[in-house]
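Q: First the structure, then my questions, so here it is.
The values are calculated or read from the model by the stated rules, or taken from the named source; none is laboratory data. None of the values given here were measured: they were computed from a predicted structure. Here Cβ is always computed from backbone atoms with ideal geometry, including for glycine, and neighbour counts include all displayed protein chains.
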Amino acid sequence: MSPLELLKSRFAEALAGLADNPAEYLDLIRVSQNPKFGDYQANIAMPLAKKLGQNPRQVAQAMIDKLRWDDILEKPEIAGPGFINLRFKTETLEKGVLQTFRDDRLGVSKIGNPRTYVLDYSAPNAAKPMHVGHIRSTCIGNALNKILRFVGHHVISDSHLGDWGTQFGMIFYGWRHFLDREAYEKNPVEELARLYRLVRQKADADPAVMAEVLNETSKLHHGDAENLELWRSVLPHCRDEINRVYQRLNIEFDYMLGESFYNDRLGPLTEKLRAAGQARESQGALCIFLEGEEVPMLIRKKDGAFLYATTDLATLEYRREEFHPDAILYVVDFRQSLHFQQLFKAARQLGLADEKTELVHVKFGTVLGDDGKAFKTRSGETVGLESLLDEAERRALAVIIANDKEGALSESERLENARVIGIGALLYADLSQNRDSDYVFSFDKMLAMNGNTATYMQYAFARIRSIFTKGNVDPQELRRRAADGSAPLLLREPAERALALELLKFSDAVYSVLKDYRPNMLTSYLFDLAGCYSAFFEKCPVLKAETDEIKTGRLLLCDRTAETIRLGLSLLGIGTVEKM
Ligand code: ARG
C-alpha cells in the first residue's frame, strides 16, 4: 500500500461531484512538511474554490463531507485558508507494513499500463579508453533500466557504441606509422589507446595529419578493404575491454549494436529523404531544414561523409521498425543538448517518431576535480574508468580492514566486500546528485560512513542484519509468521510510527524516479529512511524490548528497513554485504 495512492483514490472519489476533472487536483496531496500537522496535506481547496468562485474553507469542508476517511484516517482537519491535514490511524500503518510480507515487492505496485522503452545509455567510444564521464551515463541508465523493469515496463537496453567514428582514422594512421607490434600482441587495448592518444595530439597540432586521419576514416566508411579488415581485427579487442568494465559493474545490455550497425542504412535513408523533398542540398551538403529553426541539420557533407546525426536518424528508424517503442531515452552528457533537440525535431518532422512517442534527452552534468574543472589526472589526461574502479576497491578494502579489528571477516569476504562497497560508493555518489548538476569527485566523501553515501546505507543494512544474528532470530521464519498473521506489529512509540510510515513511502519513491528520470529521488528516500531508522533505534531497544510482543514488532520494522535498503540499492545497481 502506498499511503499517498490510497489518499489519492479517496480524494478522487470525494471530488467526483465537486470538480469537473478530479485528476488534475490529486497532485496537490503532499507529504506534510511538519509532522505536527499530520502525515499528508491536501492543498486542493484553494485552487478549486477559486475555480468555483466559493470560499476555500467551505470547499474543504464539502470535500471532507464526501471523503471516506474513518476506516483509515483520524478525523481530517481544516487549517489556515483551507489546507486539509491528514493523519493515518496507527492501525492503517500497521496493516500496511504487515501487508508487505505477503509479496516480495515491498509494497511497490506494478504499473497498470506498461510501456515499451528503448534505453540508450553508456555508449562509450570504442578505441578510446572509457573515462569518468561514461560512469554517469552508465550508472544513471542502469538504474533507470532496473527501475523501469521492476515496475513492469518492457525495456530494450542498447549501448550505442561509437565504433565507426574518427577515432578509427586515428588508430589506422597510428597503426601505419607508430605501431609497436610486440606491445599490441601483449595488450592490444593498451597499445590502441597509446596510438589513439599519440595521433590525437599530432592531429590537433598539425592539419596535415588531421587530413590524413579524416581520409582514413572516410576510406573505412566507403568500404576500403584494408581499413575494413583492420577495423574488424581491432574492434573485438575494444568490445572486450568495454565488456570487462560492464562485468565489473555487473551491467548487462540487451544490445550493443553500435554506430557501425547502421552504416548500410545511411545511404538509402538520406536518398529517401532527398527524393521526398524532406532534405535539400545546400552548398553541396544535404540538410534537413527544421521548422522554426535557423540552423539546419546536416546529414551528408559535401564530400559525401555522413554525420553523427545521420546515424542517429537511421537508429531511430531502425528502433521504430524493430521495437515499436512508446519512449526512447537517451542518457547522454548535457553538451549534446543541441544535437538531441535537432534530432527530436527532425524525427517528428520526418515521421520517424509520432507525437505519442516520448523522446527524452536524459542529460547530465560534468564530473569535476577538486579544482572545480573537469576531472583530470595530474598530467592532464582524462581519468580512465578502470583505474577509478581499482582505486575505489583499494580504498574500500582499507576502510574494511580498519573497521574489522576483531578479524570477523575472512580474506575472501574482505575482497568481495571491497568490490561491493568500492563500486557501490562510486555509483551512489553519482546517482545521488541531481543529474543536471556538475559534481566534485571525491573518494573520501563517497566512502564516508556518515552522510548520504552507499557506504552509510550498506553499513545500516549490515548492522540490522547483525541484530538478527545476535538475537538468534531467523528472519525467514519471522517473515513467514508476519505473512500468516501470527507475528503482531503494534506501533506505540512515535519513532516506530514514523519509521512505519517512511517504509510505506517506498513505492512512491520508486515511481518518483520515473517522473523525470531522476535516480536521486530514490537515494534521497533511502537516506531519509536510514535517518528514521536511526531515530527509532536510538529510542526503541529491539532485542532488549520490555515484552516479546514489542520485540517482535520492532524486529519486523528492522527487517523491513533492511529489505527496503537492499531492494532500493539493488534497483540502483548497488549491492549489499551481510557483515561489515
Ligand atoms: N558515443 C557517444 C559519446 O560518447 C554517445 C552516444 C549516445 N547515443 C546516441 N544515440 N547518440 O558521446
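Q: Among the residues of the stretch 127-150, are any outside any helix (DSSP H, G or I) and either in contact with a His (Cβ under 7 Å, 6 or more places away or on another chain) or modelled with pLDDT of 95 or more (or both)?
A: no
Q: Also, I was wondering about something else. So for the stretch 166-185 (the condition being within 16 Å of the ligand (Cβ to nearest atom), surrounded by fewer than 23 Cβ atoms within 10 Å (Cβ to Cβ), of a type in the set (S, T, N, Q) and part of a strand (DSSP E or B)), does at least one residue qualify?
A: No, every residue in the stretch 166-185 fails to be within 16 Å of the ligand (Cβ to nearest atom), surrounded by fewer than 23 Cβ atoms within 10 Å (Cβ to Cβ), of a type in the set (S, T, N, Q) and part of a strand (DSSP E or B).
Q: Quick test for you: out of 57, 30, pick the one residue that is more than 16 Å from the ligand (Cβ to nearest atom) and either closer than 30 Å to residue 564 by Cα or surrounded by 21 or more Cβ atoms within 10 Å (Cβ to Cβ) (or both).
A: 30
Q: So residue 518 clears everything in (1) assigned to a helix (DSSP H, G or I); (2) crowded, with 16+ Cβ neighbours inside 10 Å except one condition, right? Which one?
A: Against the list (1) assigned to a helix (DSSP H, G or I); (2) crowded, with 16+ Cβ neighbours inside 10 Å, residue 518 comes up short only on (1).
Q: Picking from 368, 343, 329, 350, which residue would you name as being in contact (Cβ under 8 Å) with a residue 40 or more places away in the chain and more than 24 Å from the chain's Cα centre (by Cα)?
A: Testing whether each residue is in contact (Cβ under 8 Å) with a residue 40 or more places away in the chain and more than 24 Å from the chain's Cα centre (by Cα) leaves just 350.
Q: Going residue by residue through the stretch 262-269, is there one that turns out to be aromatic (Phe, Trp, Tyr), more than 16 Å from the ligand (Cβ to nearest atom) and either more than 19 Å from residue 223 (Cα to Cα) or assigned to a helix (DSSP H, G or I) (or both)?
A: Checking the stretch 262-269: not a single residue is aromatic (Phe, Trp, Tyr), more than 16 Å from the ligand (Cβ to nearest atom) and either more than 19 Å from residue 223 (Cα to Cα) or assigned to a helix (DSSP H, G or I) (or both).
Q: The conditions are (1) without any contact (Cβ under 8 Å) to a residue 40 or more places away in the chain; (2) surrounded by 15 or more Cβ atoms within 10 Å (Cβ to Cβ), and residue 91 fails exactly one of them. Which is it?
A: It is condition (2) that residue 91 fails.
Q: Can you find a residue that is within 30 Å of residue 132 (Cβ to Cβ) and not hydroxyl-bearing (Ser, Thr, Tyr) anywhere in the stretch 343-351?
A: Within the stretch 343-351 (the criterion being within 30 Å of residue 132 (Cβ to Cβ) and not hydroxyl-bearing (Ser, Thr, Tyr)), the answer is yes, since at least one residue qualifies.
Q: If I ask for residues that are modelled with pLDDT of 95 or more and more than 12 Å from the ligand (Cβ to nearest atom), which ones from the stretch 301-336 would you list?
A: 317, 320, 321, 322, 323, 324, 325, 326, 327
Q: Related question: Looking only at residues in the stretch 142-156 that are within 17 Å of residue 123 (Cα to Cα) and either surrounded by fewer than 24 Cβ atoms within 10 Å (Cβ to Cβ) or of a type in the set (Phe, Trp, Tyr) (or both), which one is farthest from the ligand (Cβ to nearest atom)?
A: Selected residue: 155.
Q: When you look at residue 447, is it touching a residue at least 40 places away in the same chain (Cβ under 8 Å), more than 24 Å from residue 554 (Cβ to Cβ) and surrounded by 13 or more Cβ atoms within 10 Å (Cβ to Cβ), yes or no?
A: Yes.
Q: Quick one: residue 507 ticks every box in (1) in contact with a Leu (Cβ under 7 Å, 6 or more places away or on another chain); (2) closer than 26 Å to residue 434 by Cα except a single one, so which number is it?
A: In the conditions (1) in contact with a Leu (Cβ under 7 Å, 6 or more places away or on another chain); (2) closer than 26 Å to residue 434 by Cα, residue 507 misses (1) alone.
Q: Take the stretch 307-342 and flag every residue that is surrounded by fewer than 23 Cβ atoms within 10 Å (Cβ to Cβ) and of a type in the set (Phe, Trp, Tyr).
A: Once the filter is applied, which keeps residues that are surrounded by fewer than 23 Cβ atoms within 10 Å (Cβ to Cβ) and of a type in the set (Phe, Trp, Tyr), the stretch 307-342 yields 308, 318, 323, 334, 340.
Q: Of the residues 327, 279, only one is closer than 30 Å to residue 569 by Cβ and among the hydrophobic types (A, V, I, L, M, F, W, C); which?
A: Answer to the check: 327.
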